[in-house]
Amino acid sequence: MSRHLISIDDLDRAGIERILDLARSFAEVSGREIKKVPALKGRTIVNLFYEASTRTSSSFELAAKRLSADVVNIRSAGSSVDKGESLKDTVRTLSAYDPAAIVIRSPWAGAAQQITGWTDAAVVNAGDGKHEHPTQALLDVFTLTQALGGLEGLRIWIVGDVLHSRVARSNILAFQRMGATVTVCGPPTLIPRGIESLGCAAQDTLANLGEADVVYVLRLQQERMQEAYVPTLREYAQRYQVNRARLREGQIVMHPGPVNRGVELSGEVIDSDAALIDAQVKSGVAVRMAVLYELLVGAPVLQVVA
Ligand code: NCD
């Protein structure tokens with residue numbers, strides 16, 4: 001892995017497998033009564049969140065704390081960002097604390113990459129606009145590996161608002177790298193043109209959903225829609241909602257959260273045993289511990305040649 005985690009493309013299959021192995025041992029730590037190891041004792045991690053987040057921010061915070069790091073959490077609301085401070089000045093200010101890592105979520109595609117030029121810290125992308133969300137993809141791969149043993153040969157359908165989804169981009173790359181085949185499905189207005197260039201297939205109806213082993217449902221991201229991409233939520237649900245009638249026995253259902261209950265996913269499926277949604281959230285802590293560990297401790301030590 002490079003010094004930063006910006007995109008799934010920073011990782012080859014061996015790198016993903018290394019993180020899965022680490023995550024397995026950190027999941028064991030998370031199962032203990034005392035959920036802490038001293039790996040990052042005395043080091044500082046800054047979580048910088050410019051967008052709403054529940055799962056990603058809480059699990060990065062817990063991950064850093066369970067590795068014994070000192071953690072600073074900054075939310076744009078209530079910080080000097082509200083007073084007009086630029087991203088560059090904010091990053092330089094926080095870098096004065098000499099953090100080992102900055103975890104950043106931002107509405108701007110490319111923000112995580114950009115701040116690598118303004119800080120000596122390792123940068124972890126916790127979601128940059130519509131671009132990528134690599135730790136979500138890693139926790140989804142981890143969750144599937146825990147449930148099914150691996151992804152080789154799995155058929156995974158990603159259903160919904162692919163256009164606005166950084167999760168879709170990262171997951172298409174990660175699922176395929178681990179040996180799965182991926183089909184994206186949604187209304188043509190919400191499927192980016194040329195998505196097949198990532199190696200996946202595209203469908204505009206759920207007619208063949210039965211072929212999927214795993215149905216990965218995405219939230220309709222209404223906050224990123226300046227114009228109407230779907231006629232009404234009811235019509236969207238009629239055509240694309242994943243519900244019990246559309247699933248067959250044995251299919252696994254995933255969703256990164258937050259769910260619009262009753263829109264892209266029916267309540268009965270969310271609450272059923274087919275859904276791995278809670279397992280995904282739980283995996284988030286172990287996988288983010290693994291990513292922080294890999295970046296800050298696992299990196300090969302530079303050999304100084306005299
Ligand atoms: C996703 C995100 O923010 O990209 N949520 C998450 O991180 N669990 C997906 C979403 O907002 O729909």
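Under the rule of at least 5 residues apart or a separate chain, name every residue whose amide H is placed under 5 Å from the amide H of residue 101.
Close amide H contacts, sequence-distant or interchain: 44, 46, 122.
Return the single residue from 106, 30, 272 with maximal mean-square fluctuation; model: Gaussian network over the chain, springs between Cα atoms under 10 Å.
272
On each of the three principal axes of the Cα atoms of the range 134-280, give max minus min coordinate, whole Å, ordered largest first.
The principal-axis extents, from largest down, are 40, 34, 27 Å.
I'd like the antiparallel share, as a percent to the nearest 5, of DSSP beta bridges with both residues in the chain.
About 0 percent, rounded to the nearest 5.
Tabulate in residue order the Karplus-calculated ³J(HN,Hα) for the range 39-51, using 6.51 cos²θ - 1.76 cosθ + 1.60 with θ = phi - 60°, rounded to whole Hz; enter x for Gly and Pro.
3, 10, 4, x, 9, 10, 10, 9, 9, 10, 10, 9, 9
Taking 0.36 nm per residue of separation and subtracting the Cα-Cα distance, what length does fully extending residue 35 through residue 204 add?
Length gained between residue 35 and residue 204: 56.4 nm.
Could you check which residue among 208, 243, 73 shows the biggest mean-square fluctuation in a GNM of the chain with a 10 Å Cα cutoff?
208
So what is the relative contact order for the chain, in percent, with contacts set as C-alpha pairs under 8 Å and at least six apart?
So the answer I get is 20 percent.
Karplus couplings for the range 233-238 from phi (6.51 cos²θ - 1.76 cosθ + 1.60, θ = phi - 60°), rounded to Hz, Gly and Pro as x?
Karplus-based 3J(HN,Hα) across the range 233-238 equals 4, 5, 5, 4, 4, 4 Hz.
For the pair residue 73/residue 3, report the inter-label distance in nm, with labels modelled 7 Å from Cα in the Cβ direction.
Going by the 7 Å Cα→Cβ label model, 2.9 nm.
In nm, to one decimal, how far is the residue 271 label point from the residue 239 one, both placed 7 Å along Cα→Cβ?
2.9 nm
Every number here is computed from the coordinates shown, using simple stated rules; none is lab data. Not measured: the values here are computed from a predicted model. Note that we place each Cβ from the backbone using ideal geometry, even for glycine, and neighbour counts take in every protein chain shown.
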